[in-house]
Amino acid sequence: MKIDVIYTAGEETVRPNQTVIVIDVLRASTTMVTALANGSPAIYAEESVEAALKRAEAEGDILLCGERQGRKIESFDLGNSPLEYSAESIRGRVLVLTTSNGTRALKRVGQRNTALVGSFINFNAVLNRALQLKQNITFLCAGDEGKFSYEDTLCAALMVQHMEQRSDSVSLSDAARHAGKALQGKARFSNDELEALLRQTPHGQHLIRLGFAEDITYCAKMNRFDVVPVLKGDKLVI
């Protein structure tokens, strides 16, 4: 089993016939997991605001969700804070979501790959699903506006480390080995340690300035849900 890491969504083309784990810790992948865990039957992930509006018009009874620069898009029903996606708010409702980085990353996966959505909050669940599929695995980090993001690479590096521990047949690319530097020599992190690291990142600081500090606490908690979003056709389901 070969494992690779791509550090930003626009960096390179994903090779076909892979299991691709898309990671956008702050906050799209965390929000997607939360929404499906709390009862949304499906999420359409769209790259642009225009595509999201077109999808909402075509689908009819749908919740329009998304952000740009961390803020809820004007006239949309919800933003990209996972705390907005309570069961009371979204149970039984199909969502269309567009974000600055995470939904764009999903569009880079390609139709010949199996796309899973990973985060700290579904860490073990997505690892188990990926290993069960017995394909080569690529971690696709969403990044931040085309730039490297530490939080996504940290999540990917932890997953790579766990896969090495659980399988004797793992072979790492140079990029996957390099991602291990994000672990800073540690074998595991507590939720408090992860939160402290996420708060120090540029995007974490941006979210704090916008008033979303509680989102960081939420995003840093390991294994909240045993849920794995899977891209089926043009929508995410579980």
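Coordinate-derived values only; no laboratory data. Note that the coordinates shown come from a computational prediction; the quantities given were computed from them, not determined experimentally. Reconstructed Cβ throughout: ideal geometry from the backbone, glycine too, with neighbour counts over all protein chains shown.
Roughly how many nanometres apart are two label points built 7 Å out from the Cα toward the Cβ at GLU145 and LYS221?
With each label point 7 Å from Cα toward Cβ, the separation is 3.1 nm.
I'm checking a number: the convex hull volume of the Cα atoms of region 58-151, normalised per residue, in Å³. What is it?
Considering the Cα atoms of region 58-151, their hull volume per residue is 146 Å³.
Estimate the FRET efficiency between SER75 and ALA51 by the formula 1/(1 + (r/R0)^6), using the beta-carbon distance for r and 22 Å for R0, to the nearest 0.05.
Details: r = 15 Å, r/R0 = 0.70.
It comes to 0.90.
Any idea what angle helix 150-166 forms with the longest principal axis of the chain, computed on alpha-carbon atoms, 0 to 90 degrees, nearest 10?
Helix 150-166 sits roughly 50 degrees off the main axis of the chain.
Could you work out how far apart the two model spin labels at GLN111 and LYS186 are, taking each label as a point 7 Å from the Cα in the direction of the beta carbon, and quote it in nm?
4.3
Can you give the extra length, in nm with one decimal, that the chain gains between ASP168 and LEU83 once fully stretched, where that is 0.36 nm per residue apart less the Cα-Cα distance?
So the chain would gain 26.7 nm between ASP168 and LEU83.
Evaluate Rg over Rh across region 105-238, taking Cα atoms for both radii and Kirkwood's formula for Rh.
0.95
Can you report the principal axis dimensions of the chain using only the alpha carbons, biggest first, rounded to whole angstrom?
Answer, in whole Å and largest first: 48, 38, 30 Å.
Tell me what the chain gives for mean residue ellipticity at 222 nm when only DSSP H runs of n ≥ 4 count, each as -39,500 (n - 2.57), the sum divided by the residue total, rounded to 500 deg cm²/dmol. Numbers along the way, then the final one.
On the way: 10 runs with 91 residues, N = 238.
Mean residue ellipticity, 222 nm, calculated: -11000 deg cm²/dmol.
For region 118-191, what's the radius of gyration and Dmax over Cα atoms, in angstrom?
Values for region 118-191 (Cα only, Rg and Dmax): 12.1, 36 Å.
Whole angstrom only: what separates the Cα centroid of region 1-47 from the Cα centroid of region 156-227?
15
Between helix 191-200 and the chain, what is the angle of the helix's C-alpha long axis to the longest principal axis, kept within 0 to 90° and rounded to the nearest 10?
Helix 191-200 sits at roughly 70 degrees to that axis.
Calculate, in nm to one decimal, what ARG68 and GLU214 gain on full extension: separation in residues at 0.36 nm each, minus their alpha carbon distance. Provide the component values of the computation, followed by the final result.
Working: separation 146, 0.36 × 146 = 52.56 nm, distance 1.87 nm.
Taking 0.36 nm per residue and subtracting the Cα distance, the gain is 50.7 nm.
Figure the gain on full extension for GLN200 and ASN128 (residue separation times 0.36 nm, minus the Cα-Cα span) and round it to one decimal in nm. Intermediate results must be reported in sequence, preceding the final value.
Numbers: separation 72, 0.36 × 72 = 25.92 nm, distance 2.94 nm.
Full-extension gain reported as 23.0 nm.
Quick check for me: using +1 on Lys/Arg Cβ and -1 on Asp/Glu Cβ, what's the dipole size of the chain about its Cα centre, in debye to the nearest 20?
The dipole magnitude comes to about 540 debye.
Give the aspartates and glutamates whose C-alpha is closer than 18 Å to that of LYS54, dropping any in the same chain fewer than 8 places away, or say none.
Output for LYS54: GLU46, GLU67, GLU74, ASP77, ASP234.
According to the Kirkwood expression over distinct Cα-Cα pairs, how big is the hydrodynamic radius of region 6-123, in Å?
Working: mean 1/r = 0.0697 Å⁻¹.
Kirkwood radius, region 6-123: 14.3 Å.
Relative to the longest principal axis of the chain, what angle (0 to 90°, nearest 10) does the C-alpha long axis of helix 28-37 take?
70
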